[in-house]
1. What's the number of the condition B:Thr32 fails, among (1) more than 14 Å from chain A (Cβ to nearest Cβ); (2) in contact (Cβ under 8 Å) with a residue 60 or more places away in the chain; (3) open to solvent by less than 50 Å² (accessible area, probe 1.4 Å)?
2. Go through the residues of segment B:73-81 one by one and say whether even a single one is in contact with a Lys or Arg (Cβ under 8 Å, 6 or more places away or on another chain), assigned by TED's automatic domain parsing to the domain that holds B:Ala108, closer than 23 Å to B:Val104 by Cα and among the β-branched types (Val, Ile, Thr).
3. Give the number of residues within segment A:481-502 that are in contact (Cβ under 8 Å) with a residue 60 or more places away in the chain and open to solvent by 10 Å² or more (accessible area, probe 1.4 Å).
4. Specify the residue that is farthest from A:Gly709 (Cα to Cα); the eligible residues are those in segment A:1-26 that are modelled with pLDDT under 95 and among the hydroxyl-bearing types (Ser, Thr, Tyr).
5. Does segment B:195-254 hold any residues that are of a type in the set (Asp, Glu) and in contact (Cβ under 8 Å) with a residue 40 or more places away in the chain, and which are they?
6. Does segment A:504-529 hold any residues that are open to solvent by less than 20 Å² (accessible area, probe 1.4 Å) and in a loop (DSSP other than H, G, I, E, B), and which are they?
7. Being outside any strand (DSSP E or B) and either surrounded by fewer than 24 Cβ atoms within 10 Å (Cβ to Cβ) or at negative phi (or both) is the filter; apply it to segment A:345-356 and report the residue that is farthest from the chain's Cα centre (by Cα).
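The values are calculated or read from the model by the stated rules, or taken from the named source; none is laboratory data. Every value quoted in this text rests on a predicted model; they were computed, and no experiment measured them. Methodologically, a virtual Cβ is constructed for each residue, glycine included, from the backbone with ideal geometry; neighbour enumeration extends over all protein chains shown. Note: accessible area is taken over every heavy atom of the protein model, side chains too, but ligands, DNA and RNA are not part of it. Shrake-Rupley method; radii C 1.70, N 1.55, O 1.52, S 1.80 Å.
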Amino acid sequence: MGDKTMTTTEVGRSLPRLEARQKVTGRANYTHNLKLPGMVHAKVFRSTVPHGKILSIDTAEAASYPGVAAVVTGKDILDVVPEPYYGPAFHDQPILALNKVRYVGEPVAVVLADDPRIAAEAVELIDAVYEELPAVYDETEAMTSDAVVHDELKPAGTFPDLKHLNGRKDTNIALDFHLKQGHADAAFASAAHVFAHSFQTQQTMHTPMEPIISLAEPSGDRLIIHTASQSPSFVRSEVARLLGWSENRVQVKVGHLGGGFGAKLYIKLEALVAALALLCRRPVRLSLSMEEQFYTISKHASTFHIKSAVDKDGRITARKCEVLWNGGAYADIGPRVTQKSGFTATGPYDIAAADIDSYALYTNRPPAGALRGFGIPQLVWAYESHTDLIARELGMDPVEFRRRNILKDGRPHVTGTVMKDAAIDAVLETLAERMRWSEPFDRGEGTVKRGRGVAIGFKACVSPTTSVATVTVAADGSVTLHHATVDMGQGSDTAMAQIVAEVLGVRTEEIRVVDPDTDVTPYDMATLGSRSTFHMGNAVRKAAEHARTQLDDMAKSLGMAETAAGRVKEVFRRTYGMQAGTVVGVGTYIPEYVSPNEDGLSDNVTPFWMIGGTGVEVEVDTETGRTKLLKMVNAADLGTALNPRIVETQLSGAAIMQLGFTVSEEMILDGGQVTNASLADYKIPGIKDIPPVIENCIVDAHTETGPFGAKGVGESATFGVSPAVAEAIQDACGVRLTRLPMTAEAIFHALHGDKK
Amino acid sequence: MSFELISPNTLRDALDLLDVDDPSIRPFSGGTALRLMMKSGVFSPSKLVVLRGIPDLSGIEISDDGSLTIGALSTLAEVETSALVARQVPVLAGALKHLSNRRVRNVARIGGAIAHGDPHMDLPPLLSALNAEVIVESRNGRRHIAVEDLVIGYYETLLEPDELIVALRIPAQDDWHSAYRKVTARSADDWPALGVATSISHEGKEIRDIRLVVGAATERPTRLDISEGVLRSEGVAGLPRAVEAAMESVEVMDDSHGSATWKKALLGVELRRSVEEILGRNA
Ligand SMILES: Cc1cc2nc3c(=O)[nH]c(=O)nc-3n(C[C@H](O)[C@H](O)[C@H](O)COP(=O)(O)OP(=O)(O)OC[C@H]3O[C@@H](n4cnc5c(N)ncnc54)[C@H](O)[C@@H]3O)c2cc1C
């Protein structure tokens, strides 16, 4: 094995993704390509009302349509799943609607047929009758509305901190999280200045290129689920729970994902196909259209009221935050967003006193979950816009104002956790430098004005979560990695293989990475929240080290030097008398963590902090409102980059995605109905919409507890984009927008007076 | 719900398949618009007559009088990259570069782009400003229709269900100079929120004649007669009045691309800029 003192070059190497060639030659394994013998196709019949009692569902005509195998409603599901409610935080979502529907597009029935087109045609023949109930769509109205989406809250039993919500009635507040640090009221009373603003974000979509898809295949007394999922381990345990089975009777297999971004977490179609397969005793495939994704999962709309007390020197002394998260009809992971992101609502600033109130709300909209940033982009949008507005009112340079208040390592965050390995100031300084902040700036001429802005944000990592990996070394010395982190394009297979390669002294390209398969790949909480590099990376490193220790011990007992690089084959041959045997290294990682107390405080609230920021230069055509981004700089602290090239594409990819949410994307609702549920009308940025100059900077940093100094990076460049653009627009033409998206029309109305 | 797909090999066969009394039988050229309509359920055909196999409906030719004839089945990409088009009507080649993306332009055909009748299209207003006409054929014979007259309402054209556009004719532009200004609201390669097509026959800053057509923001491509009149009589000095007249006289729609208020303002700005662009360019 490799010399322990010899640092190889595998970590830090910008090798291309291991599967790149397979992908570009069309050979990569995607769930969409899978055809199972005898499989039937499912098509979903969806609710047309936002909130209503189901009076009847007439399926007779669809059932007798030639080619239809079966029509299934929520009542039929009860035959195989008596308690058909699922969800990661609340068991509130029925596999198919039961008694009630809660949003337009909710699955109500399913047609199964050998031909997917027949299934689609037969769906049109189903007729459901509803008694409509009052509906609520807006998060602020949901706080007090008479329209109540769920009769009773049903928190999942697995979370002790949700127990108090059990059975709560007549409320749309799924979860309220509160943090109290110091004496905010006193600080406000004695403040030199008080600033208060409100900001809103819109509901948007993940739009992965590969729509959501799952297949279920009965196999003896077991079930195999093939699914494009970011969380195979969760799917296995949740489906097993629903069926009342042991986990080893459910096998979940995942190929490459054509994008995820949080859309493919927890249970999406898996419980439905599992139930359908058990009902019809055949393999069932359900593949959503791009349009149907709009009725499946989305990003929270939000309203954020923020208020700061500032002293005469421009130091923030206290902050109050009230955040309302529009979770839609089912909680999904929203309560966790409310809480795990909620506690960072005061921003990356050194503030002694804070009150945070964060509310997860049910409304009659399509459900919202995690989308690249887990709520953080909504928070940064508000607190950084607020920061710029304060700087303006104080007449201070916005970068200088941030410098004065920035949260430095060694200082406590409002939770009480002392900051460590969090290069917030380095991210800010990198942006200032790359934006040439202190140099004169061309402000444009005539009706076309130019402006610039920077913004920074940070994120804690959801905790505590566990990752397990195994590294096996075959008797010829070749190495296989088993882990359930899902590579959805972010390059995790490559990064994990680099870690193994570094530890075992082999080339990354020679390592075989096994696709997630719960029969063989060990437990992982999920691929979300930029947790994998850190958690799974640590588990993989431990597994590789465990394998290496065993190999060293074998070598030692043969009297060979423990640094028998390239002689693993010989070690096996001499140990077993022939080329035989396997060494299995196991690594499990769970970070230390202290859950917040009743005041939301903890001295160890996150295993690591992600830091990201963005600077932009824009040009506003003041006659039309049309705005062009001329330049974008993204900077992040991601610890030590395992693969700098992949990291840079994560930064630009995240920033471009957030740019869409900043300037154009919005799910438009009319009476609960999404009116632009297709890519013809819901536009994500194309190549001509992105800035001509994008710089991505990895700040010099190291995370002591991370694998080879690394931590997560998939979301960091989303944080600063929206507020940086808002500030740049104001810098250019004097108007401030407080609601996303900042479309040309919104800028136009801000400049020229309100819409008639 | 299911439909028949028929691929005739001759124009005659294609025309025989169409039926003046049955709009559920539709010609299918690139299919980019039809398939979106079928997917969203707004149109369910009984029969689709695929035009692609008809040999004599493509090609771009120039006549002695300098006019161009473009076969209805030419793809938008073929028109975009044609040397003849670049020489005779550069504004058309330029506009096509900003029409959606390469994948759509490789598939959509010029006939489909004119016949579709969706107001959010680039070519009908531009071709109207260029004074182009389409050659239309049915079993009963041929007729010529000015592009300007073709679209009569929201998704409504003068074409009968049994008629096919067989070619587009763009007259020689001689001393006419044109500009097409497109505004998109949601992404750069989106359908237009507004299109302003301007053709001016001028000598220096002196306007001899002018054609102004607005599209996308209106229910159908609309000629700006009053503004044209102002510019014809007052010349470029009348531009502010012409702009005002356009904003006052045109009925602009609210839609998913934006409010009428905004688009009306855009119309004024883009109209002014297009006239300035042409006169500035050829000064
Ligand atoms: C994503 C996307 C973006 C687009 N963006 C733009 C844009 O920005 N600007 C723009 O102008 N266009 C745009 N288009 C193209 C436009 O919307 C139409 O889809 C296209 O012009 C139709 O051409 P086609 O050949 O595919 O027509 P088809 O879909 O085949 O037909 C369209 C209609 O015309 C009829 N038809 C077709 N050919 C003939 C004929 N020869 N004679 C009589 N009737 C006929 C059909 O029956 C049908 O009613 C876009 C299209 C897509 C898919």
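1. Unmet condition: (1).
2. Within segment B:73-81, one or more residues are in contact with a Lys or Arg (Cβ under 8 Å, 6 or more places away or on another chain), assigned by TED's automatic domain parsing to the domain that holds B:Ala108, closer than 23 Å to B:Val104 by Cα and among the β-branched types (Val, Ile, Thr).
3. 6
4. The residue in question is A:Thr5.
5. Selection gives B:Glu219 alone.
6. The answer is A:Ile511, A:Pro516, A:Thr518, A:Thr521, A:Ala526, A:Thr527, A:Leu528, A:Gly529.
7. A:Ala352
Residues are listed down the side, and each one gets a yes or a no for (1) more than 21 Å from the chain's Cα centre (by Cα); (2) surrounded by 24 or more Cβ atoms within 10 Å (Cβ to Cβ):
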residue: A:Ile225; (1), (2): yes, yes
residue: A:Ser229; (1), (2): no, yes
residue: A:Arg241; (1), (2): yes, no
residue: A:Trp245; (1), (2): yes, no
residue: A:Leu257; (1), (2): no, yes
residue: A:Leu265; (1), (2): no, yes
residue: A:Ala275; (1), (2): yes, yes
residue: A:Val284; (1), (2): yes, yes
residue: A:Glu291; (1), (2): no, no
